[in-house]
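Visitor: Shown below is the structure under consideration.
The values are calculated or read from the model by the stated rules, or taken from the named source; none is laboratory data. If you're wondering where the values come from, they're calculated on a predicted model, not measured in any experiment. Neighbour counts are summed over all protein chains in view; Cβ atoms, including those assigned to glycine, are modelled from backbone coordinates with ideal geometry. Protein only, heavy atoms only, side chains kept; ligands, DNA and RNA dropped before computing areas. Shrake-Rupley method; radii C 1.70, N 1.55, O 1.52, S 1.80 Å.
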Amino acid sequence: NRGVDKRKIFNDTDDLARFIESIKSFNELEAIGGIFRSNLKQNNLRTPTSQIVTFISFNILDNHFHFILRQDEDNGIDKFMQRFLGGYTKYFNAKHSRSGSLFQGRFKSKLVDSNNYLLRLFSYVNYNDKLHGDLRTPTSQFVRSSLDFILGKGKSVIECDPSIVIEQFKDLYTLKNFMDEAFKDIKYNKEMQKELEI
């Protein structure tokens, strides 16, 4: 999803921290009744079976985000996204004295119905910030991606399990090469599409 009228969905690092905390807190089978009421220590101790969805990978940018999710519950993606987007919008509107939608309509979702599509999508999502070079401004402090975690270079700000992709490759070097090549192909196709639209 993206901000309505492509607006930024974070005004400061506190907004980004709340966005990430909302992802964690609203991904619960039991409704928490608002993020302020949730026991953060208890949330950190939850078992994976209490989650609505599992994150495979993600990329969060200044004005939009991409998630690859696996449902752990019937209609899990719809439940999670409704809670998460609604909860974050309420916070953002209250903090910034605004009203109305923060996000552009209902979130877009597409079923990952083949392994080939999963691998291509995995590359697209993790490299998405690189497709939007114009967003690499001082506000790029808001970019968060699962890429470094996937490649073993750091922790993830959101708990995710990319093993469905990683275990298909001999090692992380081979995975990165695959993703680099897929990204080049995706970028080329996007550039060609833009030229055709002109």
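Visitor: Could you compute the net charge surrounding Q104? Neighbours are other residues with a C-beta less than 10 Å from the C-beta of Q104; K and R count +1, D and E count -1. Could you put the intermediate results ahead of the total?
Guide: Details: positive: R2, K6, R7, R106, K108; negative: D5.
Net charge around Q104: +4.
Visitor: Got a number for carbon plus sulfur as a percent of the range 67-198's accessible area, 1.4 Å probe? Can you show the working numbers first?
Guide: Values: 4260 of 8340 Å².
The C+S portion of the solvent-accessible surface of the range 67-198 is 51 percent.
Visitor: What helices in the chain pass both tests, a Cα length along the helix axis of 30 Å or more and a mean Kyte hydropathy of 0.5 or higher, using whole DSSP H runs?
Guide: Details: long enough: 172-197 (37 Å, -1.05).
Correct list, ordered by number: empty.
Visitor: Now, a different point. In percent, what relative contact order does the chain have, based on Cα pairs under 8 Å that are 6 or more apart in sequence?
Guide: Dividing the mean separation by the residue count of the chain yields 26 percent.
Visitor: Counting Lys and Arg as +1 and Asp and Glu as -1, what is the net charge of the other residues whose Cβ lies under 13 Å from the Cβ of L147?
Guide: Numbers: positive: K130, R144, K153, K155, K176; negative: D129, D148, D180.
Value of the local net charge: +2.
Visitor: If you don't mind, there's one more thing I want to ask. Find out how many positive minus negative residues lie around I9, taking Lys and Arg as positive, Asp and Glu as negative, among other residues whose Cβ is under 9 Å from that of I9. Walk me through the intermediate numbers first.
Guide: Details: positive: R2, R7, K8; negative: D15, D62.
Combined, the nearby Lys, Arg, Asp and Glu give +1.
Visitor: Any chance you could list P(r) for the chain, counting all Cα-Cα pairs in 10 angstrom bins from zero, rounded to whole %?
Guide: Pair shares across the bins are 8, 33, 38, 19, 3, 0.
Visitor: How much accessible area per residue does the chain have, counting only protein heavy atoms and a probe of 1.4 Å, in square angstrom? Present the calculation step by step, with values, prior to reporting the outcome.
Guide: On the way: 11540 Å² over 198 residues.
About 58 Å² of surface per residue is accessible.
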